[in-house]
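Peer 1: Structure incoming, see below.
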Amino acid sequence: MREFIYYSNKGRTSGNFTDLMKAGRMDIVCHIVINSFFLSQKMRDDVKLHLLLNGPPDPPKHIEIQIETRKGIPETGKQVGSIDISKKDIGGLIQRVLYKYKKGKKIEPYKGIFIEKKSFVKVIDELKDKNVYLLDKKGEDISKIKIEENPVFIIGDHEGIPKKIKKYILKNKNVKPISIGPQVYFASHVVVILNNILDRNEI
């Protein structure tokens, strides 16, 4: 199992939005979901995705997604198992998940999708016994290191992970800063590149 943690500085934390881009770049969040789970002709069954949304009006929100691939992404209006998915479908699903949030609880509004109020630091702390890799342009080149089994990758949005939080998580000895190359890529492209590297190395 591979896990991706996406930190969004301004991603909307309620479902009352219509424009994905203006809702704290929820369009990027949608691309992250699509690139985490979808291949050309099938869906991945070896991925868990954590979305950490920190925008208004009620941050933070943690959405955890682990899909049963034979059933496809739920509640999108697509037929069971469909891989014909769009940014609009995913945006609508995230809206509905946010609307179903219950204060003080971790709930599963749709099969394999959970939502709760939990900070990024808390999520990282709960993964302290795993092999965690922080995507950082100053990190060690991924081609020069051995990626361990069941890796967890932390990816920041276009604004990056706040310095205080970054400093805190790097105190954890299990967190290793890594780079995927000399260029700075879109966050959603980083997911594709990491999936490709893991596929090639059968991790």
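Please treat every number below as a calculation from the coordinates, not as lab data. Keep in mind the model is a prediction, meaning the values are calculated, not measured. Positions of Cβ are generated from backbone atoms using ideal geometry, with glycine treated the same way; all protein chains shown enter the neighbour counts.
Peer 1: What number, in percent, do you get for the relative contact order of the range 132-203 if the mean sequence gap of Cα pairs under 8 Å and at least 6 apart is divided by its residue count?
Peer 2: Details: 74 pairs, mean separation 34.5, N = 72.
Contact order relative to length: 48 percent.
Peer 1: Roughly speaking, what is the centre-to-centre gap between the range 82-135 and the range 139-203 when only Cα atoms are used, to the nearest Å?
Peer 2: That distance is 19 Å.
Peer 1: While we're on this one: What full-extension length gain, to one decimal in nm, is calculated for residue 1 and residue 172 as 0.36 nm per residue of separation minus the Cα-Cα distance? All intermediate terms of the calculation are to be shown ahead of the outcome.
Peer 2: Working: separation 171, 0.36 × 171 = 61.56 nm, distance 2.12 nm.
Fully extending the segment from residue 1 to residue 172 adds 59.4 nm.
Peer 1: Relative contact order (percent) for the range 2-200, with alpha-carbon contacts under 8 angstrom and 6 or more residues of separation?
Peer 2: Numbers: 367 pairs, mean separation 47.7, N = 199.
Answer for the range 2-200 is 24 percent.
Peer 1: Continuing with this model, one more query. Count the DSSP beta bridges whose two residues both fall in the range 2-200, then state the antiparallel fraction as a percent rounded to the nearest 5.
Peer 2: Rounded to the nearest five, the antiparallel share is 35 percent.
Peer 1: Still on this structure: Translational D (Stokes-Einstein, µm²/s) of the range 110-182 at 20 °C and 1.002 mPa s when Rh comes from the Kirkwood sum over C-alpha pairs? Can you show the working numbers first?
Peer 2: Numbers: Rh = 13.4 Å.
Once the numbers are plugged in, D ends up at 160 µm²/s.
Peer 1: Now a separate question. Is there a pair in 106/146; 105/144; 102/173; 48/166; 42/171 whose C-alpha atoms are over 30 Å apart, and which pairs would that be?
Peer 2: On the way: 106/146 34 Å; 105/144 42 Å; 102/173 34 Å; 48/166 22 Å; 42/171 38 Å.
In this structure, 106/146; 105/144; 102/173; 42/171 exceed 30 Å between Cα atoms.
Peer 1: How many nm is it between the label spots at residue 100 and residue 159, if each spot is 7 Å from the Cα in line with the beta carbon?
Peer 2: Label at residue 100, label at residue 159, 2.8 nm between them.
Peer 1: Magnitude of the Cβ-charge dipole of the chain, K/R +1 and D/E -1, about the Cα centre, nearest 20 debye? Show your work: numbers first, answer last.
Peer 2: On the way: 38 positive and 25 negative charges, 148 e Å.
Dipole magnitude for the chain comes out near 700 debye.
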